[in-house]
Amino acid sequence: MKDNSITKRFQRILGVLRSSDGDGLIKISIALDKGDKDFKYPLKDLVVSIGRGRENDIMIDDKSVSRTHARIRENNGKIFIIDENSTNGIIVDGKRIDGNYETDLPVVFKIGNVSGSIIPVAGENFLEDNTKNKLNAKYALIAVITGILAITAGIVLVIMVL
């Protein structure tokens, strides 16, 4: 089951990297005692599970949250928040929901005692940030390799002179 979860997350990351065609992203923010935690997902074909259990895409360590509490999904451009028969329910925009609830973005929700929000995000900004991080890592690697080559060339020069 763990491998399946890792595979799903890897496929979502690839989906984000491929979403430069303008499908866009959403950001799901969860307010925790230690500060907000943000998750970004491609909007197209979105299915995100939220709960206390490790098998969820977004795991919330709070006793008011059920093991499998909710799902957020996209269907034909519409966003749905689904209560998975949780003990403490889901509040969306101040109203308790049951079952499958269609909503517009942005939306504020509460799962158990934990607050959250879903907002649209311009895909280009996330992709630019992601690309910058990859370029910085690539340049750092090039700098290390260049340094190693320079040291090697210096050693070879010293050996040739001796």
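Observations on the model:
- Of the listed requirements (1) modelled with pLDDT of 85 or more; (2) closer than 30 Å to A31 by Cβ; (3) open to solvent by 30 Å² or more (accessible area, probe 1.4 Å), I159 misses just one: (2).
- The residue of the range 100-109 that is farthest from L25 (Cα to Cα), among those that are within 19 Å of the chain's Cα centre (by Cα) and part of a strand (DSSP E or B), is F109.
- For G116, the conditions (1) under 26 Å from the mean Cα position of the chain (by Cα); (2) open to solvent by less than 90 Å² (accessible area, probe 1.4 Å); (3) modelled with pLDDT under 75 are fulfilled apart from (3).
- Selection of the range 38-85 for residues being in contact (Cβ under 8 Å) with a residue 24 or more places away in the chain, open to solvent by less than 20 Å² (accessible area, probe 1.4 Å) and of a type in the set (V, I, T) yields V48, I50, I58, I60, V65, I72, I79, I81.
- In the range 33-59, the residues that are part of a strand (DSSP E or B) and under 19 Å from P106 (Cα atoms): D36, K37, D38, F39, K40, Y41, P42, V47, V48, S49, I50, I58
- Beta carbons closer than 8 Å, at least 6 apart along the sequence or on distinct chains, pair a first residue in the range 90-109 that is under 18 Å from S64 (Cβ atoms) and open to solvent by less than 90 Å² (accessible area, probe 1.4 Å) with a second that is at pLDDT 90 or above and part of a loop (DSSP other than H, G, I, E, B) for I90/H69; I97/G89.
The values are calculated or read from the model by the stated rules, or taken from the named source; none is laboratory data. Bear in mind the structure is a predicted one, so any value in this text is a computation, not a measurement. Counting neighbours? That spans all protein chains shown, and the Cβs are built from the backbone with ideal geometry, glycine included. Note: accessible area is taken over every heavy atom of the protein model, side chains too, but ligands, DNA and RNA are not part of it. Shrake-Rupley method; radii C 1.70, N 1.55, O 1.52, S 1.80 Å.
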